[in-house]
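Notes for the one structure printed next.
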Amino acid sequence: MSYLVLARKWRPQTFEDVVGQEHVTQTLRNAILQDRVAHAYLFTGVRGVGKTTVARIFAKVLNCRGPGRKPCDACVSCREIMTGNSADVFEIDGASNTSVDDVRALKENIKYLPSHGAYKIYIIDEVHMLSNSAFNALLKTLEEPPKHVVFIFATTEPHKIPDTVPSRCQRFDFKRVPTPKIVAQIEKILSAEGITIERDGIEAIARAAEGSLRDALSILDQIIAWGAGQDPDAERLAISGDAVRTFLGEVDRQILLDLVCAILDRAPGTALQIIGRAHEAGYDFRQFSTHLVSWIRNLTVIRLVEEPRALVELDEETIGQLKRRLADVSLPTLEQMFALALAGDEQVQRSEHPRIILEMTVVRLATLEDLVPIREILGYVRQLEQRIGSLGGAEAEGTRPPQPSKPALTVVPGGRASARGGNPPDRHTAHEATPPPPRVEGMELIERIATVAEKRRFGRLATFLEHALIRKLEEGTILLTCPPEYTAQSKIAWDEETAATFERIYEEAFGRKIRAKFVPPPRHGEGGERSTPLPSKRRGPPMQRSGHSSEALRSSPMRSRISSTPAQRPTPSPEANRKIEVESEVTDRAPSPP
Ligand SMILES: [Zn+2]
């Protein structure tokens, strides 16, 4: 093996060799062809994506004395740049030359003409490290640079540069190199070096590099050195995918996929067995737990994004498999899963018993009840009301008994899939001509209560209802909760006064009593308490109706939501009722013979 590290040995020498930054190299080539070279460039992007490499190639092209527009790599200028001894190209590390004096020395140097190239080129790496006074000194030069000078600033943190600098530069944002391009580059290098690594091993290296080609090659260096040490007598070095994954400490994807599937299937027993498998395979549970968090993040992305391949590093088949399972999982449920996994992970990282904590976390995840956003339930209630309304029309005729083919509907309490993912539930039971059950009214009333609360300026209740979710709805009691990120807000808004207001408005509107309770979603690290109702001695801030809450309400989306709802709601006006009657008459009589 050569001692020259791969990243240096394979450093691109022409724009064509640069991987994954075509949008930059093409523009720079055009600038040279059209003779429109700017005096200052700003290259931004994460480490190891080719910023200084492109800067050096650009410098070579600008100063090459050979024929053609490509650097010849043979003239004095090209050779000097390649060996790092150029008299006209200066590479300055912003991190160690941060003072005004450094910039003064640079300005002094700038005055002199280039020795044999056309330009003096200053490549300042990590330019954001310069001090403010150094930037100010530099700005004067940037305003009126000598014709023979080109600045190339490179930075991983452009937001730390004073605004006045980028405004005087042509800016190029370097992208993370896509994983398939890193894979292709590694394959090219391996075949030239006469080394074999299994394809899935190469992919694991590319993933671990997270878009940095330099990181990928440095990992590759380490793996080659390690592989050569394992088998010093081998004629040709060959490394298996498993060996690479072991080296990287990467957790097998299949085991993580099995685990999230068990969680989505609500199978805590299976989930525990999978943790056992992970233990046998010798995985580090701290690492495993971190992977689990990112997989649950992936679930949310897959659930929300039509074509998620660019955002999650999973193959098409796995994505399709997860998408099908996620179709009827609500977003609040996924948010809560993420909160649980993250809280669990924080404990796993600190604990001396990571396996036990991880086991309890997956049990919580696999037994999580689905949360249904109120607006989805309300949409379902409207459908129900329309169907009940048309049944009422048939009854109003009073001439015949209700048709068995047109049953009234009632929600099955406690049904897990009662209205998930915005789809109306298919589980219902038939009732023979009974009035609408109170629990259906109960869901309708939440929106009415929100309207009344806003009208009467019960700011705290209105704020609370904005993010409220129904946890449970049964005779005489309603349990309300909220998405985890609104826990603090909802807890402040919900106190005895809010509860009493909620209950009072309910009674006024419907002539029935109800007990309203708020159940917080699981807090970080306390997922187990989520099913426990609030203790009777509620803690809350001192009761005061400040101007602040109604101010917040005025600018909140609540207002528009409420004002837009009456149009969508079935109108109780006589016209509407008559219309329903007419329709039901028509449908009732249509099948009968003339
Ligand atoms: Zn040359």
Task: Check on residue 52, in contact with an Asp or Glu (Cβ under 9 Å, 6 or more places away or on another chain), within 30 Å of residue 181 (Cβ to Cβ) and hydroxyl-bearing (Ser, Thr, Tyr) - done: yes
TODO: All but one of (1) buried (at least 17 other Cβ atoms within 10 Å of the Cβ); (2) in contact with a Lys or Arg (Cβ under 7 Å, 6 or more places away or on another chain) hold for residue 32, so report the exception by its number.
DONE: (1)
- [ ] Give the residues of the stretch 222-250 that are crowded, with 16+ Cβ neighbours inside 10 Å and under 25 Å from residue 47 (Cα atoms), sorted by residue number.
- [x] 223, 224, 244, 245, 247, 248, 250
Open item on the list: Show the residue pairs meeting these rules: Cβ distance below 6 Å; 6+ apart or different chains; first residue within the stretch 271-286 and at pLDDT below 85; second residue surrounded by 14 or more Cβ atoms within 10 Å (Cβ to Cβ).
Closed with: 283/251
TODO: Filter the stretch 152-179 down to residues that are of a type in the set (A, V, I, L, M, F, W, C) and touching a helix residue (DSSP H, G or I) at 6+ places or on another chain (Cβ under 7 Å) and give me whichever is farthest from residue 114 (Cα to Cα).
DONE: 177
- [ ] Give the residues of the stretch 58-106 that are on the phi < 0 side of the Ramachandran plot, more than 15 Å from the ligand (Cβ to nearest atom) and part of a loop (DSSP other than H, G, I, E, B), sorted by residue number.
- [x] 94, 95, 96, 97, 98, 99
Open item on the list: So if I check each of 100, 127, 150, which one is touching a Lys or Arg at 6+ places or on another chain (Cβ under 8 Å) and either over 21 Å from residue 51 (Cβ atoms) or in the same structural domain as residue 37 (by TED's automatic domain parsing) (or both)?
Closed with: 150
- [ ] Take residue 22 and decide whether it is among the acidic types (Asp, Glu), outside the structural domain of residue 206 (by TED's automatic domain parsing), more than 16 Å from the ligand (Cβ to nearest atom) and within 37 Å of the chain's Cα centre (by Cα).
- [x] yes
- [ ] Assess whether residue 22 counts as being of a type outside the set (Gly, Ala, Ser) and over 25 Å from residue 139 (Cα atoms).
- [x] yes
- [ ] Tell me, yes or no, whether the stretch 463-478 has at least one residue that is at pLDDT 80 or above, closer than 24 Å to residue 340 by Cβ and part of a helix (DSSP H, G or I).
- [x] yes
- [ ] Out of 112, 119, report the one residue that is hydroxyl-bearing (Ser, Thr, Tyr) and within 16 Å of the ligand (Cβ to nearest atom).
- [x] 119
Task: Residue within the stretch 35-52 that is on the phi > 0 side of the Ramachandran plot and within 12 Å of the ligand (Cβ to nearest atom) present - done: no
- [ ] Scan the stretch 178-227 residue by residue and report those that are over 16 Å from residue 241 (Cβ atoms), assigned to a helix (DSSP H, G or I) and of a type in the set (Ser, Thr, Tyr).
- [x] 191, 218
- [ ] Confirm whether residue 260 is buried (at least 18 other Cβ atoms within 10 Å of the Cβ), in a loop (DSSP other than H, G, I, E, B) and under 25 Å from the mean Cα position of the chain (by Cα).
- [x] no
Open item on the list: Here are the criteria: (1) of a type in the set (A, V, I, L, M); (2) under 30 Å from residue 196 (Cα atoms); (3) touching a residue at least 60 places away in the same chain (Cβ under 8 Å). Tell me which single one residue 18 does not satisfy.
Closed with: (3)
TODO: Select, from 281, 271, the only residue that is among the small types (Gly, Ala, Ser) and surrounded by fewer than 19 Cβ atoms within 10 Å (Cβ to Cβ).
DONE: 281
Open item on the list: Any residue at all in the stretch 8-17 that's part of a helix (DSSP H, G or I) and closer than 30 Å to residue 232 by Cα?
Closed with: yes
TODO: Write out, first by first residue and then by second, each pair whose Cβ atoms fall under 7 Å of each other, whose residues are 6+ apart or on separate chains, and whose first residue, in the stretch 224-253, is closer than 17 Å to residue 206 by Cβ and not assigned by TED's automatic domain parsing to the domain that holds residue 287 while the second is assigned to a loop (DSSP other than H, G, I, E, B) and β-branched (Val, Ile, Thr).
DONE: 224/195
Open item on the list: If I ask for residues that are outside any helix (DSSP H, G or I) and either basic (Lys, Arg) or within 20 Å of the chain's Cα centre (by Cα) (or both), which ones from the stretch 278-327 would you list?
Closed with: 305, 306, 307, 311, 312, 313, 314, 315, 327
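A quick yes/no check of all residues on (1) of a type in the set (Phe, Trp, Tyr); (2) closer than 30 Å to residue 190 by Cβ; (3) crowded, with 18+ Cβ neighbours inside 10 Å:
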site: 16; (1), (2), (3): no, yes, no
site: 36; (1), (2), (3): no, no, no
site: 89; (1), (2), (3): no, no, yes
site: 109; (1), (2), (3): no, no, no
Task: Pairs with Cβ under 6 Å, 6+ apart, first in the stretch 303-315 and acidic (Asp, Glu), second at pLDDT 85 or above - done: 313/207
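The values are calculated or read from the model by the stated rules, or taken from the named source; none is laboratory data. It should be emphasised that the depicted structure is a prediction, and the values quoted were computed from it without experimental measurement. Please note: Cβ atoms are built from the backbone with ideal geometry, for glycine as well, and neighbour counts cover all protein chains shown.
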